[in-house]
Amino acid sequence: SVNDKEQTLINDSQGNASMFRKNPDTQNYEKFPVTQTLPDDSGWQIALANDINNDGAIAGQGIKEGDMRAVAMVPLEITNLWSDQLPDVHANWIQKAKDKNQMYMTGQDSKPYILMGARADGKAYVKAALKDKLPKNFENALLFRLSVKGQNDPKSGTSSYNADKQEVSITAEDLGNEEKDYVVVAGYDANKNAQLDPNEISFKNDWVCKVVPKEKYDKDIGFLNTWKAGLGATPLAYDCVTAFLEETTPNGSTAVNTEIARNEYGLTHAVGILFQPVAQPGPSIKAIFDENSLMAEKIIDSSALKNWLNEQFELKKSYVQQTLNNTTNEVVQFNWQLPPLDVNFSYILDTDLKLSLGSISSSKKPVHVKIIVNVASGKTIEVKMTGTLNDLYDFDYDGEPFVFVKPAARIQSGYNTLGKAGRVYKSEIQLVDSLWPREFNFK
């Protein structure tokens, strides 16, 4: 049987049905057995598939619980799944790659899940794009819901379709008080109760939505407030996490308005920013720490910067030695443009910077140094640095195993819909002829 959507249904001599569908990208026909459209635990067996209509529905006969029944099957595949936590904002998503058995996702680390918060009404909202338009009259019969991964238990909620029946909006209620992993399930509403019952599930999608409810969000805020109370020895960490929790500016910095892109460097999860419905950046702040700030002072004196400068100076050692050997002066001055800086701070050696920034970079821009070297000893008398260093205050749910990381990531996921805590912001640290309080020996 052939329809006008370039799909073909073929039955072999044993009654096994296979569907051939034209891939619009490759123009090749792809084959899959009709029975592969059914989850193993659906309870259905297809006895016969003998027709396919112009709406794409496959007609035939199936067996469930010993009864032979007439069935209508529709090819169902989700090609894009996204959080609708911020209404109509397509920023936090998983998408199937063309001609590849893999997924694409926003964020810098391509997480295999969507981290998201509930809306203010306590419900989870997601949307899904379908590979094929639903046949006529199926929108009222085919229900989509969220179910906890590994459980055959659809949450109470709703599903609705856009005008062309190729996009479905899904809600879930009664999320409890802990974050959970949910997957999309679907099935025919056989008993017409407008809810998807466990025995009606005939489709499951593997992509995970990690949903944070209001109760968990508030509990994590309480945890972080208790944790930060013990940060007396690390004042920068205290100030930065306070700004994150209170949607304010860290002490010692000046705030300017800025924007954060959906694919911003360092943005692990596409949450913590009030993105708009169109594909534009979201508003935030940039906390600017000038060269006289405690932040700048700690960076210039950090072990991480020391190691980075030592590596750069080692590369110039032979050149400096040659210069020292060919001068009669007592001192020699050098002005260098060093490569872009990108360093991670050590929790052991630079604790405050590790807990407040984690890492910094010059955003692919060079760093300038002026050094004065004693000719006789080969040691630096003075080293001054000039450059702009940057960080994005963001948390990776799967990041380093500090006790505050996962709670902070969950708080970030609930920003704006569950409360004001969790806003991602930028930090800029300015070095202007900042004096390096260490020395390097070029001999």
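Which one is nearest to L81 (Cα to Cα), of the residues in the stretch 179-200 that are surrounded by 15 or more Cβ atoms within 10 Å (Cβ to Cβ) and without any contact (Cβ under 8 Å) to a residue 40 or more places away in the chain?
The extreme case among them is V183.
For the stretch 262-278, how many residues are loosely packed, with under 14 Cβ neighbours inside 10 Å and touching a strand residue (DSSP E or B) at 6+ places or on another chain (Cβ under 8 Å)? Break it down stepwise before answering.
Residues of the stretch 262-278 that are loosely packed, with under 14 Cβ neighbours inside 10 Å, as a first pass: 263, 265, 277-278.
This time we only want the ones that are touching a strand residue (DSSP E or B) at 6+ places or on another chain (Cβ under 8 Å), so: 265.
So the answer is 1.
Are there strands (runs of 3 or more DSSP E) fully within the stretch 89-155 with at least 1 residues that are at pLDDT 75 or above, surrounded by fewer than 22 Cβ atoms within 10 Å (Cβ to Cβ) and under 22 Å from the mean Cα position of the chain (by Cα)? List them. Spell out the reasoning first.
Details: elements: 93-96, 103-105, 113-117, 124-130, 142-148.
Per the criteria, 93-96, 113-117, 124-130, 142-148.
Collect the residues in the stretch 370-390 that are part of a strand (DSSP E or B), in contact with a Leu (Cβ under 8 Å, 6 or more places away or on another chain) and either free of Cβ contacts under 8 Å to residues at least 24 places away in the same chain or surrounded by fewer than 22 Cβ atoms within 10 Å (Cβ to Cβ) (or both), keeping them in residue-number order.
Correct list: E382, V383, K384, T386, G387, T388.
Just to check your reading of the model, which residue among T268, T258, T249, T226 is farther than 23 Å from S434 by Cα, over 17 Å from the mean Cα position of the chain (by Cα) and assigned to a loop (DSSP other than H, G, I, E, B)?
Working: T268 fails: over 17 Å from the mean Cα position of the chain (by Cα); T258 fails: assigned to a loop (DSSP other than H, G, I, E, B); T226 fails: assigned to a loop (DSSP other than H, G, I, E, B).
One residue alone meets the criteria, T249.
Starting from residues that are part of a loop (DSSP other than H, G, I, E, B) and of a type in the set (A, V, I, L, M), keep the ones in the stretch 168-221 and report whichever is modelled with the lowest pLDDT.
Taking the stretch 168-221 and keeping what is part of a loop (DSSP other than H, G, I, E, B), we get 173-179, 189-197, 205-207, 213.
Right, trim to of a type in the set (A, V, I, L, M) and you get 175, 190, 194, 196.
On the way: L175: 96, A190: 82, A194: 91, L196: 94.
Here the residue is A190.
Give the stretch 47-69 a look and list any residue that's assigned to a strand (DSSP E or B) and either at pLDDT below 70 or among the hydroxyl-bearing types (S, T, Y) (or both), or say none. Walk me through how you get there before you give the answer.
Start the filter on the stretch 47-69 by keeping residues that are assigned to a strand (DSSP E or B), which leaves 47-52, 58-64, 67-69.
Residues satisfying the conditions are A47, L48, A49, N50, D51, I52, I58, A59.
Of all residues in the stretch 304-330 being loosely packed, with under 15 Cβ neighbours inside 10 Å and touching a residue at least 40 places away in the same chain (Cβ under 8 Å), which is nearest to S361 (Cα to Cα)?
Looking only at the stretch 304-330, we keep the residues that are loosely packed, with under 15 Cβ neighbours inside 10 Å, and these are 307, 310-311, 314-315, 317-319, 321-322, 325-330.
Okay, now just the ones that are also touching a residue at least 40 places away in the same chain (Cβ under 8 Å), so 310, 317, 321, 327, 329-330.
Working: N310: 17, K317: 24, Q321: 30, T327: 36, N329: 36, E330: 35 Å.
Top of the filtered list is N310.
Please work out which one of (1) within 30 Å of Q322 (Cβ to Cβ); (2) without any contact (Cβ under 8 Å) to a residue 40 or more places away in the chain is the condition F440 fails and give its number.
Result: F440 passes all but (2).
Quick one: A421 ticks every box in (1) at pLDDT below 95; (2) crowded, with 17+ Cβ neighbours inside 10 Å except a single one, so which number is it?
Looking at each condition in turn, A421 falls short on (1).
The values are calculated or read from the model by the stated rules, or taken from the named source; none is laboratory data. Here the structure is a predicted model, which is why all the values come from computation and not from measurement. With ideal geometry, Cβ positions are generated from the backbone for all residues, glycine too; neighbour counts draw on all protein chains shown.
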